[in-house]
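Read the structure below first, then the notes.
The values are calculated or read from the model by the stated rules, or taken from the named source; none is laboratory data. Just so it is clear, the structure is predicted and the values come from calculations on it, not from any experiment. Every residue, glycine as well, gets a Cβ built from its backbone with ideal geometry; the counts of neighbours run over all protein chains shown.
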Amino acid sequence: MRRLRWTTPEGFAFDLPLAGLGARCLAWVIDGLVVGAVLALAGQVLSVLALGLPGIASALQIVLGFAVTLLYAAALEWFWQGQTIGKNILGLQVMEAHGLPLTGAQVLMRNLLRIVDILPGLYLAGGIACLGTRHSQRLGDQVAGTVVVQRRRGAQPDLAPWLAQKYNSLREHPQLALRLRHLTTPAEAGVALEALLRRDELEPARRAAIYRALVAHFQARVPFPEATLEALSPEQYLRNVVGILFPQRFPG
Amino acid sequence: MILDLDRFARTGQPAWSELEALLERLEARADRRLEAGEAEALEDLYHRAAADLNRLEQGACAGTLRDYLQDLVVRAYREIYAAPRGLPWQGGRWRRLPRAAAGFGRRVPQVFRQHLRWFGLAVGLTLAGCLFGGLAVLFDPAVATHVLLPAEYLRHPAQRVAQDLGQAKGAGGRGPNLSEETVFSAELITHNIQVSLLTLALGVTLGIGTGLLLFENGVLLGAVAARYSQQGFGWFVAGWLLPHGAFEIPSVLIAGQAGFLLAGMMLRGGREPRWVRMRRQLPELLTLLGGLSCLLVWAGTMEAFFSQHHAVGGYGAQVAVGLSEMLLLAAYLSLAGRGGARR
């Protein structure tokens with residue numbers, strides 16, 4: 001997944017995942033349905049006006065259809081912090097590509113330029129531009145200097161269940177445990193911890209495959225005796241590894 | 001560095017929770033305005049959360065916690081740096097609307113004059129197209145009219161004139177219909193704005209698409225003018241096109257100017273990084289687009305309600321109206337906003 005990295009004037013670094021083409025397309029479809037519903041509703045209201053003033057009602061319908069199609073996304077993104085209804089549902093957000101505040105001109109321009117992104121049909125030009133640029137920017141985004149990021153509104157991770165672990169069989173081999181801590185890089189430790197924290201988000205079959213791969217990785221790094229491993233499932237083995245790598249968090 | 005996550009989370013958690021609660025309160029407010037105490041708290045909590053996030057970035061950590069902190073920090077960053085927006089009807093903003101409209105009216109000609117060379121290029125390409133279309137019809141009418149003129153009424157001026165005269169006299173035709181003309185006007189306005197927007201937007205092709213569109217438009221204009229004049233309907237076509245064309249054609253040219261300006265912004269080098277320059281100049285593009293959209297509303301109204309009615313004062317009156325509009329527009333674009341010009 002492509003990422004957006006930038007540093008604020010205070011020196012804080014940000015690193016956000018950019019939205020994929022699929023998610024953006026889906027958001028666009030949802031927004032299309034919303035626009036369709038709004039226009040259908042407006043059509044119903046205008047049909048009452050058409051009884052007395054058919055010309056005015058038809059003209060209003062044309063102008064309204066044009067304005068809503070053109071400005072729906074711009075208006076929502078401006079007043080709703082870079083989100084439309086479709087983007088909100090899919091957790092996407094328009095941001096300034098350099099971390100600056102999004103301006104009205106940027107929001108308007110990225111949306112007005114959909115007229116070329118959509119050419120020759122089905123957002124082909126925009127899609128190709130997205131695939132061909134480092135920050136997945138369609139033509140409108142490139143001109144406006146904006147990107148679409150994937151927002152993850154996570155909650156604080158709850159690690160309580162792991163604290164209940166009382167016994168860690170790998171600690172029976174203190175020299176190997178020490179070696180494991182010594183040889184494991186911070187990135188590897190992070191992956192192992194993440195795999196456990198996201199346990200319930202993973203499908204059982206995929207989870208088992210990931211845990212087996214991690215066990216094989218750590219076992220290749222520091223081989224513990226076979227007898228120790230026999231009694232452990234891959235998940236339990238991984239918990240024990242994490243317990244060694246993060247001793248304060250997971251007392252064994 | 002492997003962080004002691006447990007201690008790290010325990011220490012940071014109260015401040016994170018406080019920041020989260022503050023952000024939720026702020027995000028629920030339509031005007032996003034901060035009280036003095038809230039502003040101080042937000043800045044302090046933002047700095048602490050961002051520092052925590054940086055510590056996490058440098059250590060082995062749980063991605064879930066990093067995502068949580070990053071989300072908090074990004075939301076706080078936006079609240080601090082983004083100007084409070086509010087809604088147009090809040091805080092008496094609507095009262096400033098006439099002043100804003102007057103400012104916009106002065107700004108359009110200022111931006112137009114600032115980028116006059118791009119307008120010149122748009123005019124040049126359109127004139128080249130006119131010349132090509134006109135000469136093609138004059139020298140090879142059989143082929144050129146068929147290829148260059150897309151509709152029957154453009155290929156056969158006599159039919160069109162007879163139809164208009166018939167309508168005017170009520171002989172076999174219909175008189176003016178206010179309802180139909182209102183719809184026609186709305187169609188014209190939206191269609192013309194769409195075409196102008198496309199002309200501007202094609203600036204992203206480094207101006208090539210914009211240039212081609214202007215040339216094509218010129219070819220059509222030249223071919224129509226030549227075809228009608230060739231068959232002795234020059235006065236008719238002037239009376240028919242000028243009342244709305246006086247605003248419509250300059251609008252397309254201004255759209256071309258904006259398209260070339262966009263291409264220039266994308267291409268031009270300089271000390272400033274490209275994205276800084278583009279961010280600064282985007283409002284100028286939008287000012288031109290806004291200005292030409294206003295012109296097109298007038299042009300669409302004239303085309304639907306006036307250009308088609310040759311009997312109102314005859315062709316002479318229509319030509320006079322068209323020429324007056326052109327003079328007014330030229331005066332507006334060259335004189336308005338002088339004195340208060342800002343770059």
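Okay, residues lined up against (1) free of Cβ contacts under 8 Å to residues at least 12 places away in the same chain; (2) within 25 Å of A:Ala105 (Cα to Cα); (3) not charged (D, E, K, R); (4) not assigned by TED's automatic domain parsing to the domain that holds A:Ala19:
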| site | (1), (2), (3), (4) |
| --- | --- |
| A:Ala40 | yes, no, yes, no |
| A:Gly52 | yes, no, yes, no |
| A:Ile56 | yes, no, yes, no |
| A:Val68 | no, yes, yes, no |
| A:Glu77 | no, yes, no, no |
| A:Trp80 | yes, yes, yes, no |
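Among residues belonging to the stretch A:87-96 that are touching a residue at least 24 places away in the same chain (Cβ under 8 Å) and out of contact with any Leu (no Cβ under 7 Å at 6 or more places or on another chain), point out the one that is farthest from the other protein chains (Cβ to nearest Cβ).
Checking each candidate, the answer is A:Ile89.
So how many residues does the stretch A:63-106 have that are within 18 Å of A:Gln137 (Cα to Cα), over 21 Å from the mean Cα position of the chain (by Cα) and among the β-branched types (Val, Ile, Thr)?
Result for the stretch A:63-106: 1.
For the subset of the stretch B:277-330 comprising residues that are touching an Asp or Glu at 6+ places or on another chain (Cβ under 9 Å) and among the aromatic types (Phe, Trp, Tyr), which member is modelled with the lowest pLDDT?
That would be B:Phe305.
Among the listed residues B:Leu282, B:Leu262, B:Leu329, B:Leu289, which satisfies the condition of being in contact with a Leu (Cβ under 9 Å, 6 or more places away or on another chain), free of Cβ contacts under 8 Å to residues at least 60 places away in the same chain and aliphatic (A, V, I, L, M)?
From the options B:Leu282, B:Leu262, B:Leu329, B:Leu289, the qualifying one is B:Leu282.
Which residue, of B:Ala21, B:Ala49, B:Ala36, B:Ala28, is modelled with pLDDT of 85 or more and away from chain A (no Cβ under 11 Å)?
B:Ala21
Among the residues of the stretch B:75-82, is any more than 9 Å from chain A (Cβ to nearest Cβ), modelled with pLDDT under 75 and farther than 14 Å from B:Trp16 by Cβ?
Among the residues of the stretch B:75-82, not one is more than 9 Å from chain A (Cβ to nearest Cβ), modelled with pLDDT under 75 and farther than 14 Å from B:Trp16 by Cβ, which makes the answer no.
Condition test on B:Ala255, is it surrounded by 21 or more Cβ atoms within 10 Å (Cβ to Cβ) and touching a Pro at 6+ places or on another chain (Cβ under 9 Å)?
In short, no.
Can we say B:Gly269 is in contact (Cβ under 8 Å) with a residue 40 or more places away in the chain and more than 20 Å from B:Leu125 (Cβ to Cβ)?
No, not satisfied.
For the stretch A:239-251, check the following and say yes or no: at least one residue is aromatic (Phe, Trp, Tyr), closer than 23 Å to B:Arg7 by Cα and in contact with a Phe, Trp or Tyr (Cβ under 8 Å, 6 or more places away or on another chain).
Among the residues of the stretch A:239-251, at least one is aromatic (Phe, Trp, Tyr), closer than 23 Å to B:Arg7 by Cα and in contact with a Phe, Trp or Tyr (Cβ under 8 Å, 6 or more places away or on another chain), which makes the answer yes.
Can you find a residue in the stretch B:265-284 that is outside any loop (DSSP other than H, G, I, E, B), in contact with a His (Cβ under 8 Å, 6 or more places away or on another chain) and either among the basic types (Lys, Arg) or surrounded by fewer than 19 Cβ atoms within 10 Å (Cβ to Cβ) (or both)?
Yes, there is a match, as at least one residue in the stretch B:265-284 is outside any loop (DSSP other than H, G, I, E, B), in contact with a His (Cβ under 8 Å, 6 or more places away or on another chain) and either among the basic types (Lys, Arg) or surrounded by fewer than 19 Cβ atoms within 10 Å (Cβ to Cβ) (or both).
Has the stretch B:210-232 got at least one residue that is assigned to a loop (DSSP other than H, G, I, E, B), more than 18 Å from B:Ala299 (Cα to Cα) and at pLDDT below 90?
Checking the stretch B:210-232: at least one residue is assigned to a loop (DSSP other than H, G, I, E, B), more than 18 Å from B:Ala299 (Cα to Cα) and at pLDDT below 90.
Can you say whether A:Leu214 is surrounded by fewer than 18 Cβ atoms within 10 Å (Cβ to Cβ) and touching a residue at least 12 places away in the same chain (Cβ under 8 Å), as far as the supplied structure shows?
Judged against the criteria, A:Leu214 is not a match.
May I ask you to list the residues in the stretch B:183-206 that are within 17 Å of B:Thr126 (Cα to Cα) and surrounded by 23 or more Cβ atoms within 10 Å (Cβ to Cβ)?
B:Asn192, B:Ser196, B:Thr199, B:Leu200, B:Leu202, B:Gly203
I want to confirm something. Restricting to the stretch A:167-209 and keeping residues that are more than 8 Å from chain B (Cβ to nearest Cβ) and of a type in the set (Ser, Thr, Tyr), which single residue is nearest to the chain's Cα centre (by Cα)?
If we take residues in the stretch A:167-209 being more than 8 Å from chain B (Cβ to nearest Cβ) and of a type in the set (Ser, Thr, Tyr), then A:Thr184 is nearest to the chain's Cα centre (by Cα).
Scan the stretch A:97-129 residue by residue and report those that are closer than 19 Å to A:Asp15 by Cα and without any contact (Cβ under 8 Å) to a residue 12 or more places away in the chain.
Filtering the stretch A:97-129 down to residues closer than 19 Å to A:Asp15 by Cα leaves A:97-102.
Of everything in the stretch A:97-129, those that are closer than 19 Å to A:Asp15 by Cα and without any contact (Cβ under 8 Å) to a residue 12 or more places away in the chain turn out to be A:Leu100, A:Pro101.
On the basis of being under 24 Å from A:Ala144 (Cβ atoms), out of contact with any Gly (no Cβ under 9 Å at 6 or more places or on another chain) and of a type in the set (Val, Ile, Thr), does A:Val48 make the cut?
no
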